[in-house]
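Student: Supplied in C-alpha cells, the structure appears directly below.
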Amino acid sequence: MKKNIKNLIGFVNSYGAIKGLSLTVKAASNPATINVPNVKHPIHLRRSTSDLPTFLQVFAFGEYKINLDNPKVIIDAGANIGLFTIFIKSLYPNATVICIEPDPENYEALKNNIKPYPNVHTEHCGLWSKDATLSVTTGDDYGKWGIMVREDENGQIKATSIPSLMKKYSLDKIDVLKIDIETSEKFLFASNYESWLPKVKVLVIELHDAMLPGCSQTFFEAINKTIRYSMETKGENVIIKNLDLN
C-alpha cells in the first residue's frame, strides 16, 4: 500500500492527477506495455523483473529530470532496456543517443524499445577504461539491473572505452554522459580518463559503493583532478556539470 501511495505521488507530481492516477493503476498491474504522456510510443516491460522498478525511477520519481541546455550528443552507459533513452529522446527528439548495454537479454529488450526513435545507436558491450573483454561476476542479488563484471582476457563480453566511442562516432564533445554500470565506474575512473573527461558537459552517475566499496572515492578523485564542476544529487544519481564547458 505504501509503495502504491509513493508511486501515486510521483506520477501525480509528474503528470497531473488524472493521468497520474491512471499510470499508478497501470503500473500496479505489472504491465507488459505502458503508455506515458508525452512519450510517443508504448514502452515494453518484462514482467517479474527489475524493469518496473527502473521504470518508476525514471518516469514516476523523476530521477533524470535535469536542467539541460538542448543536448545534441548523449551517451547512455548501462542503458538496460532503454528507459533513460526514451525519457531523454522525448524531451530532446533531435539528440543523438548512443546506448551501451552488455547483457544479452537487456540488449534485446533495449533494441525493441528504442526501435521507433531516430538517431539512437546501440552498442552491445560494456564500458571500461580501455577496450577489453569482461566476464560476469555476479548479478543474482540485484536482477537484470545489477550485473557486475570484471576484466578477463578470456571473457565473452566486449568492453569499449569512451575514447573509442568518440572516435567511432566522430565526437569532439559529449553533452550528457549517463552512467549506471553497476560498480564498473570504479574501473572506468581508475585510469585513462584524463583525455575524455574534460569533454563531457554533464555527467549523471549512480555510484555503487554498497556493491563494491571505493566506487565513490575513485570517481571523485578523478573529477577533482581533472575538471572544475558543480554538483547536485537527485534520487540515486550524482549530477556533475563541467564549468569549463559552455
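The values are calculated or read from the model by the stated rules, or taken from the named source; none is laboratory data. In this text the structure is predicted, and so the values were computed from the model without any measurement. All Cβ positions, even for glycine, are placed from backbone atoms using ideal geometry, and neighbour counts span all protein chains on display. Areas reflect the complete protein model, heavy atoms only, side chains present, ligands, DNA and RNA absent. Shrake-Rupley method; radii C 1.70, N 1.55, O 1.52, S 1.80 Å.
Student: Exactly one condition in (1) under 25 Å from PHE55 (Cα atoms); (2) out of contact with any Asp or Glu (no Cβ under 6 Å at 6 or more places or on another chain) is not met by ASN237; state its number.
Tutor: For ASN237, the failing item is (2).
Student: Starting from the stretch 111-128, keep only residues that are under 13 Å from ALA95 (Cα atoms), then list their pairs with residues that are among the β-branched types (Val, Ile, Thr) whose Cβ atoms are within a distance under 6 Å, requiring at least 6 positions of separation or different chains.
Tutor: If the second residue must be among the β-branched types (Val, Ile, Thr), the pairs left are ASN119/THR96; VAL120/VAL97; VAL120/ILE114; HIS121/ILE98.
Student: Oh, and also: So which residues in the stretch 187-243 are in a strand (DSSP E or B), open to solvent by 40 Å² or more (accessible area, probe 1.4 Å) and at pLDDT 95 or above?
Tutor: TYR229, SER230, MET231, GLU232, THR233, LYS241
Student: Looking only at residues that are of a type in the set (Lys, Arg) and farther than 19 Å from LYS234 by Cα in the stretch 25-83, which one is surrounded by the fewest Cβ atoms within 10 Å (Cβ to Cβ)?
Tutor: The residue in question is ARG47.
Student: Next up: So ASN67 clears everything in (1) part of a loop (DSSP other than H, G, I, E, B); (2) within 18 Å of HIS41 (Cα to Cα); (3) more than 12 Å from the chain's Cα centre (by Cα) except one condition, right? Which one?
Tutor: Condition (2) is where ASN67 drops out.
Student: Sort out which residues of the stretch 164-184 are open to solvent by less than 40 Å² (accessible area, probe 1.4 Å) and charged (D, E, K, R), and write them in order of number.
Tutor: Within the stretch 164-184, ASP175, LYS178, ASP180, GLU182 qualify.
Student: Regarding THR133, is this residue surrounded by 23 or more Cβ atoms within 10 Å (Cβ to Cβ) and either outside any strand (DSSP E or B) or among the hydroxyl-bearing types (Ser, Thr, Tyr) (or both)?
Tutor: No.
Student: How many residues are within 17 Å of THR160 (Cβ to Cβ) and crowded, with 24+ Cβ neighbours inside 10 Å if we restrict to the stretch 86-99?
Tutor: Total meeting the criteria: 2.
Student: Report whether or not PRO53 is within 16 Å of the chain's Cα centre (by Cα) and assigned to a loop (DSSP other than H, G, I, E, B).
Tutor: So PRO53 fails the test.
Student: Restricting the first residue to the stretch 1-26 and requiring it to be farther than 9 Å from ALA60 by Cβ, which pairs with a second residue that is small (Gly, Ala, Ser) and surrounded by fewer than 19 Cβ atoms within 10 Å (Cβ to Cβ) meet a Cβ separation below 8 Å and a spacing of at least six or different chains?
Tutor: From residues that are farther than 9 Å from ALA60 by Cβ, the pairs are ASN4/ALA28.
Student: Look through the stretch 146-178, keep the residues that are of a type in the set (A, V, I, L, M) and in a loop (DSSP other than H, G, I, E, B), and return whichever of them is nearest to GLU194 (Cα to Cα).
Tutor: Per the criteria, the residue is LEU171.
Student: Let me ask something additional. Among LEU212, LEU197, LEU245, which is the only one that is more than 30 Å from ALA60 (Cα to Cα), in contact (Cβ under 8 Å) with a residue 40 or more places away in the chain and hydrophobic (A, V, I, L, M, F, W, C)?
Tutor: Going through LEU212, LEU197, LEU245 in turn, the sole match is LEU245.
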